[in-house]
Amino acid sequence: MKGLFITLEGVDGAGKSTHMKWLPDFFREMGQEIVITREPGGTPLGEQLREILLHQPMTQETEALLMFASRQENINQLIKPALSSGKWVLCDRFTDSTYAYQGGGRHFSNDKIARLESWVQEGLNPDLTLLFDVPLAVSRERLGKHESQDRFEQENDAFFEAVRSVYFERARRDPKRFIVVDSTLPFEQVRIGLEAGLLEFIGQHK
Ligand code: TYD
């Protein structure tokens, strides 16, 4: 028995967290057991790495390695055990974030990311990825309401344009895995559209 591995992605301020609030119950109502996690983070060590990643200056190499160190813990402690017992995993960000932020935003080598990905994940990939998309102006608007910004949120427009375009490119190349959500729409409209997309995806995977 194997559960579904579902990831949520998008630029900061795209509304991932808002939708993370209702998604678990939506799946539970279908009778699924849900494990919720996030990256960087999810495990005790992963959460410590998250603090460091979001606030300490470091080289690009260290940043990529720590993202995958956190991922390694998350996969082995949470994700794999949950999936193999038939639970569904909802993960707030995963390796698409590394391609988008480290690869796109920081211009870190895609080849190195791919090598870390195959080393750490050993073929484990999301079954479904929800990509919440908003234009830069909207995410800036929403982030502006935040008090303190972390190392990523402080990046400039070019960084976020690059992040967003890597996400689009990955969704374009792998349309079966991605549901791209226009997150500029009002919350309720996004939720209704997403529910329909999820039911269709799940129907095809039964
Ligand atoms: P997030 O949880 O969305 O932050 P918040 O709780 O403030 O909404 O993500 C934390 C940050 O980590 C986000 O700016 C993107 C970054 N990140 C990467 O750069 N690479 C990665 O591989 C991951 C998983 C996250």
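Structure summary
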| read-out | value |
| --- | --- |
| Tally of residues being without any contact (Cβ under 8 Å) to a residue 12 or more places away in the chain and of a type in the set (K, R) across region 18-72 | 2 |
| Residue in region 91-107 that is at pLDDT below 95 and charged (D, E, K, R) present | no |
| Set G31, G41: member being within 12 Å of the ligand (Cβ to nearest atom) and either modelled with pLDDT under 95 or not in a helix (DSSP H, G or I) (or both) | G41 |
| Residue that is nearest to G15 (Cα to Cα) [pool: residues in region 171-183 that are outside any loop (DSSP other than H, G, I, E, B) and open to solvent by less than 40 Å² (accessible area, probe 1.4 Å)] | V181 |
| Qualifying residue in region 186-205 (condition: in contact with a strand residue (DSSP E or B) (Cβ under 9 Å, 6 or more places away or on another chain) and assigned to a loop (DSSP other than H, G, I, E, B)) | yes |
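The values are calculated or read from the model by the stated rules, or taken from the named source; none is laboratory data. Being a predicted model, the structure only gives us computed values, none of them experimental. For neighbour counting, all protein chains shown are included, and Cβ atoms are generated from backbone atoms with ideal geometry for every residue, glycine included. With ligands, DNA and RNA removed, areas are computed over all heavy atoms of the protein, side chains included. Shrake-Rupley method; radii C 1.70, N 1.55, O 1.52, S 1.80 Å.
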